[in-house]
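Comments concern the structure below.
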Amino acid sequence: MSTPTVIAASPVRSSSASHTALGILSAISLCHMLNDLMQSVVPAVYPILKDSYALDFGQVGLITFANQATASLLQPIVGRFTDANPKPYSLAIGMTFTLVGLLLLSRAPTFGLILAAVACVGIGSSIFHPESSRVARMASGGRHGFAQSFFQVGGNAGQAMGPLLAAFVVLPRGQGSIAWFAVTALIGIAILARVGAWYQHHLPSHTAAARKIPPSPVAAPIVRRSLAILVALVFSKNVYLASLTSFYTFYLIQKFGLSVQSAQLHLFILLAAVAAGTFFGGPLGDRIGRKYVIWVSILGVLPFTVALPYANLFWTELLTVVIGLVLASAFSAIVVFAQELVPGRVGTVSGIFFGFAFGAGAIGAALLGHLADATSIELVYTVCSFLPAIGLLAVFLPDIEPARKPLSAR
């Protein structure tokens with residue numbers, strides 16, 4: 001079956017089992033970049049908000065909580081609903097919520113309205129992630145790890161660009177300049193409307209395939225245990241990353257005396273490393289097995305996180321790059337592994353894991369903010385350094401993937 005081109009200047013092939021619709025994957029990854037770029041503006045402007053509204057670290061953590069908890073609570077609900085009732089144009093609607101939230105954030109006169117604005121941005125994310133993850137799987141042509149990484153790396157690239165734009169656009173011009181990102185939201189809405197048209201065109205064949213869902217490769221008790229382990233791994237990964245993304249700039253400023261702009265550039269480098277790790281994690285999982293990628297990426301980062309609180313500026317820069325690169329490689333593998341444990345529930349599984357990732361980060365940011373107020377940011381990084389030890393649980397994950405040839409035989 002031929003597939004009409006719905007993304008301008010991006011020919012799209014059939015998303016059958018033998019072909020990957022790279023045009024659609026590129027479009028959804030681009031929109032993920034735009035979405036997460038706008039999402040990342042929120043933590044990137046924390047120094048402005050903290051100074052303008054005389055906020056303490058606890059209130060900074062509450063801003064993260066309002067943004068990420070909104071997304072985390074709604075994502076599984078959205079995913080479960082769209083599993084049963086697919087809504088191709090919900091992607092564009094989600095981006096519209098983000099647009100409204102940014103415009104409100106640029107003009108919010110009080111702390112309460114700041115919380116409302118970032119919650120609205122979180123709602124946009126809660127709609128975007130489950131459905132866009134479904135589109136990525138539909139367009140994967142069977143290369144599920146590659147498609148999930150391709151989709152997710154767009155988000156990581158956006159997260160990395162947010163602090164950079166904040167450093168050179170928002171910080172020099174103030175809170176009102178956040179409204180300029182409305183143009184980004186409008187571009188995303190236009191692209192997602194086209195993606196929605198492709199989604200709607202392929203929905204009948206996708207629905208027919210969904211009626212032939214295979215059973216889970218393992219028994220129900222093992223599925224529940226495995227999902228619990230994967231949730232624990234996401235918790236360790238995202239709470240640690242929340243400690244970096246929410247407080248890394250403050251850590252650099254307080255410990256090493258960097259300027260706000262220089263600290264933002266260091267945050268950009270960290271998030272760029274996270275984007276690179278995300279990109280390689282999915283294809284590597286397709287190649288050598290997702291269980292091994294999960295095992296190495298979570299537990300393997302432990303020596304570096306333990307060393308970080310005691311490092312000088314040079315080693316801090318180097319260690320955070322390694323941590324971001326290795327730790328981020330896990331998430332694509334975790335999501336696809338979970339989708340294969342529960343066939344036919346792409347939206348629900350994606351919503352749970354994307355939602356829990358946001359929620360774990362939100363709770364972690366709020367608690368760590370209060371810990372930083374009561375003690376110091378340095379202690380926060382010391383406490384968090386042991387979180388990757390939870391990666392030991394990966395040994396209990398079942399072997400659900402076919403045996404793969406060694407890399408040297410390929």
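The values are calculated or read from the model by the stated rules, or taken from the named source; none is laboratory data. From a predicted model like this one, the values you see are computed outputs, not experimental measurements. Virtual Cβ from ideal backbone geometry, glycine too; neighbours counted across all protein chains shown. All accessible areas refer to the heavy atoms of the entire protein, side chains included, with ligands and DNA or RNA removed. Shrake-Rupley method; radii C 1.70, N 1.55, O 1.52, S 1.80 Å.
Annotations for the structure displayed:
- Within the set [x] 0.98; [y] 1.33; [z] 0.96, the number that Rg/Rh (Cα atoms, Kirkwood Rh) takes when calculated for this structure is listed as [z].
- Length gained on full extension, LEU313 to VAL231, computed as 0.36 nm times the residue gap minus the Cα-Cα distance: 26.2 nm.
- For region 183-303, the relative contact order works out to 13 percent when only alpha carbon pairs closer than 8 Å and six or more residues apart are counted.
- For the chain: accessible area per residue (Å², 1.4 Å): 38 Å²
- For the chain, with all protein chains in place and a probe radius of 1.4 Å, 70% of the accessible heavy-atom surface sits on carbon or sulfur.
- Region 216-286 versus region 323-338: alpha-carbon centroid distance in Å: 8 Å
- Modelled spin labels at VAL218 and ARG173, positioned 7 Å past Cα toward Cβ, are 5.1 nm from each other.
- Among GLY141, GLY359, GLY162, residue whose mean-square fluctuation peaks in a GNM of the chain (springs only between Cα atoms under 10 Å): GLY141
- Axis of helix 346-374 versus longest Cα principal axis of the chain: the two differ by about 10°, to the nearest ten degrees.
- Of the residues VAL322, VAL45, the one with the largest accessible area comes first in the ranking VAL322, VAL45, computed with a 1.4 Å probe on protein heavy atoms.
- Label-to-label distance, HIS201 versus LYS50, with points set 7 angstrom from Cα along the beta-carbon direction: 4.9 nm.
- Per-residue accessible area (protein heavy atoms, 1.4 Å probe) orders GLU131, GLU340 as GLU340, GLU131, starting from the largest.
- For a straight C-alpha distance cut-off of 20 angstrom, the aspartates and glutamates reachable from LYS237 (same-chain residues fewer than eight places away being disregarded) are ASP36, GLU317, GLU378.
- Heavy-atom accessible area ranking, 1.4 Å probe, most first, across ASP373, ASP83: ASP373, ASP83
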